[in-house]
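Visitor: For reference, the structure I am asking about is given below.
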Amino acid sequence: MRLTSWADPSLDQEMLRSFIDTTFSADVTSVQKKAEGAFGIIYVVQTTRDPGQVVIKAHKFPGRGLVEQRQLEVLRKYAPVPVPHVYALHIAPDTSYEVLIMEHLPGVEGGNSESLMRRHVKRLRVT
């Protein structure tokens, strides 16, 4: 399978607000772009209603949002670790974007794992 990327899956504030309003009937109080990787852009969004804080992932490749949604559903059933609940998948009619709105789980961000491992290894060294 060959992946063909969209030019720019970045979402403006108005689009993010629209997704939150459609999904939760809530307003957005803050948006923070947390990370960008090979497959998508991650935003953490604070809302005025439950669940309060959510993660929005804008996918860079068509079809990947639906694939990730299905993978997360299976992982939630069988994984021994917490897996975020997917609240919604928004796909533009012209397929110009796919956006997952997911539960925000507490913990350590994946982007920080390298520095965490270095600190952990330092603690384990015997001197």
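Visitor: Can you name the residue in the range 88-97 that is surrounded by 14 or more Cβ atoms within 10 Å (Cβ to Cβ) and hydrophobic (A, V, I, L, M, F, W, C) and is also modelled with the lowest pLDDT among such residues?
Guide: Only one residue tops the list, namely 91.
Visitor: Same structure again: When you check residue 108 against the structure, is it exposed (fewer than 12 other Cβ atoms within 10 Å of the Cβ), among the aliphatic types (A, V, I, L, M), modelled with pLDDT under 95 and touching a helix residue (DSSP H, G or I) at 6+ places or on another chain (Cβ under 7 Å), yes or no?
Guide: Here the answer is yes, as residue 108 does meet what is asked.
Visitor: Return the residue satisfying two criteria in turn: it lies in the range 67-87 and is among the aliphatic types (A, V, I, L, M) and part of a helix (DSSP H, G or I), and of such residues it is surrounded by the fewest Cβ atoms within 10 Å (Cβ to Cβ).
Guide: 74
Visitor: Still on this structure, please answer the following. Please identify the pairs in which a residue from the range 75-95 that is within 16 Å of residue 55 (Cβ to Cβ) has its Cβ atom under 8 Å from the Cβ atom of a residue that is surrounded by fewer than 10 Cβ atoms within 10 Å (Cβ to Cβ) and of a type outside the set (Phe, Trp, Tyr), counting only partners at least 6 apart or on another chain.
Guide: From the range 75-95, the pairs are 82/107.
Visitor: While we're looking at this one, here's another question. Which residues, counting only those in the range 1-40, are at pLDDT 90 or above, assigned to a loop (DSSP other than H, G, I, E, B) and surrounded by 11 or more Cβ atoms within 10 Å (Cβ to Cβ)?
Guide: Scanning the range 1-40 gives 26, 27.
Visitor: What number of residues within the range 41-66 satisfy the criterion of being surrounded by 15 or more Cβ atoms within 10 Å (Cβ to Cβ) and at pLDDT below 90?
Guide: 3
The values are calculated or read from the model by the stated rules, or taken from the named source; none is laboratory data. Nothing here was measured: the structure is a model prediction, and the numbers come from that model. Neighbour counts run over all protein chains shown; Cβ positions are idealised from the backbone, glycine included.
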